[in-house]
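The values are calculated or read from the model by the stated rules, or taken from the named source; none is laboratory data. Since the model is a prediction, treat every value here as computed from it, not as a measurement. Quick note on the areas: whole protein, heavy atoms, side chains included, nothing else; ligands and nucleic acids left out. Shrake-Rupley method; radii C 1.70, N 1.55, O 1.52, S 1.80 Å.
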Amino acid sequence: MSGSLSGVADVVLIVAVIAFVLVRQLKPRRLAQDAGRWWLLPAVLVVMAVRQPGLIDAGHRAASAGLLAAGVLTGLATGAAWAWTSRIWTDASGTVWAKGGKATAAVWAGGLVLRLVLYGIGTLAGVHQGGPGVMITVAALLLARTGVLVHRARGLAPAYRVPAGG
């Protein structure tokens with residue numbers, strides 16, 4: 001019973017993180033001047049995923065690892081495309097802002113479809129897939145998205161500084 005409760009908690013956490021991030025990105029948001037911890041949320045998701053059983057299906061190791069790798073690559077590509085389709089600008093005070101638009105929503109939808117296709121392939125192959133794999137995929141998406149936005153912001157505003165190693 002505790003395994004199913006953990007699975008429900010994973011799904012709730014994943015949906016909450018996705019909803020939180022998506023809603024924030026579709027309206028203008030100030031990019032934090034202290035962007036040194038942009039990798040923190042993805043790192044927490046990866047740690048949580050790795051600590052749980054079921055990341056790799058023991059009965060289908062190669063297929064499971066392949067699906068996980070494809071999910072991570074999909075997350076990275078979706079996150080990067082998401083960031084490149086977001087509009088970024090500076091206001092009169094030099095503050096950097098970002099906002100996603102229709103293209104961003106299309107990228108999101110495309111990434112979701114790709115993730116569902118991977119899930120379907122895994123299901124047809126009999127590979128058990130659970131919350132930990134999705135958490136790592138979401139972490140990859142968020143890592144790529146925020147990393148690209150930070151990179152773009154550095155080129156946009158000389159005053160926007162990310163600490164070395166941040």
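Per-structure values
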read-out	value
Size of the range 27-97 as Cα extents on the principal axes (Å, biggest first)	58, 23, 18
Along principal axes, Cα extents of the range 17-166, largest first, whole Å	57, 32, 22
Whole-percent carbon and sulfur share, accessible surface of the range 18-97, 1.4 Å	68
Segment ALA125-GLN52, extension gain: residue separation times 0.36 nm, minus the distance between their alpha carbons	24.0 nm
Three principal axis lengths of the range 61-106 [C-alpha, angstrom, descending]	54, 20, 9
